[in-house]
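Written out below as structure tokens is the structure these notes cover.
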């Protein structure tokens, strides 16, 4: 992998992991469009480490408070939120464990990815248009958290988007846009951590080259900026720009895939 490819894929991961556009889809599509080789497991680990660094750098104070309240005062709003996140993490972790092989093979078909980009764009549009968007996280409860956690499990299919599906589920519960995004980011922390740990021990010290550290650094910096941008953006705007992007990209992917056949 060249240095430029590592930078581009790091940017793609940093944007796609936190914006509702599907990082996994883009990490399949970018090499597919340009004819690059599969970056492989080592670089996948680098990207997960980078996005985990972004999440921890942005939310470390929140997590310290959540963990403290969760174990010392579970009945408080922050204590309940901690245990809601624990409950919501389980479905995604189980689906990721049992469907890992499919995620690396059959789910990477461009026609499927293009279709999921469009389908989730339409569902996000409906949720963003029809939901009340009045609730805060303290009004959600365990049932709502479980609902978002189950929805997150679908993100194993590239094109769905972990951020996109969890924010959509949050909107359908009546959460404010910025609150659905915050819960989505907090929920992604243990999932990204687990994915990184699961694969980290499969690589060797010799794999830790310039491309690896470039991927970590670029995805961390871009990911941090993406989190900040989206939270600020959703405080004033709808998901419209991301919906249009998903529809256009999904259509282009399907057309390109059919032409290639």
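The values are calculated or read from the model by the stated rules, or taken from the named source; none is laboratory data. Keep in mind it's a predicted model, so treat the numbers as computed, not measured. Glycine also receives a Cβ, built like all others from the backbone with ideal geometry; neighbour counts cover every protein chain displayed.
In a residue-by-residue description of the range 146-153, the property of being assigned to a helix (DSSP H, G or I), surrounded by fewer than 22 Cβ atoms within 10 Å (Cβ to Cβ), modelled with pLDDT under 90 and under 13 Å from the mean Cα position of the chain (by Cα) applies to at least one position. Taking residue 86 and the conditions (1) modelled with pLDDT under 95; (2) touching a helix residue (DSSP H, G or I) at 6+ places or on another chain (Cβ under 7 Å), which numbered condition does it fall short on, given that it satisfies the others? Single failed check for residue 86: (2).
Residue by residue, here is whether (1) under 28 Å from residue 242 (Cα atoms); (2) at pLDDT 90 or above; (3) over 21 Å from the mean Cα position of the chain (by Cα); (4) surrounded by fewer than 17 Cβ atoms within 10 Å (Cβ to Cβ) holds:
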| residue | (1), (2), (3), (4) |
| --- | --- |
| 19 | yes, yes, no, no |
| 28 | yes, no, no, no |
| 38 | yes, no, no, yes |
| 41 | no, no, no, yes |
| 54 | yes, yes, no, no |
| 64 | no, yes, yes, yes |
| 74 | no, yes, yes, yes |
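Scanning the range 181-228 for residues that are without any contact (Cβ under 8 Å) to a residue 40 or more places away in the chain and either touching a helix residue (DSSP H, G or I) at 6+ places or on another chain (Cβ under 6 Å) or over 18 Å from residue 43 (Cα atoms) (or both) gives a single hit, 184. Within the range 206-219, being under 19 Å from residue 22 (Cβ atoms) and either loosely packed, with under 15 Cβ neighbours inside 10 Å or at pLDDT 95 or above (or both) holds for 218, 219. Restricting to the range 18-64, count the residues that are over 25 Å from residue 233 (Cα atoms) and in a helix (DSSP H, G or I). Number of matching residues: 16.
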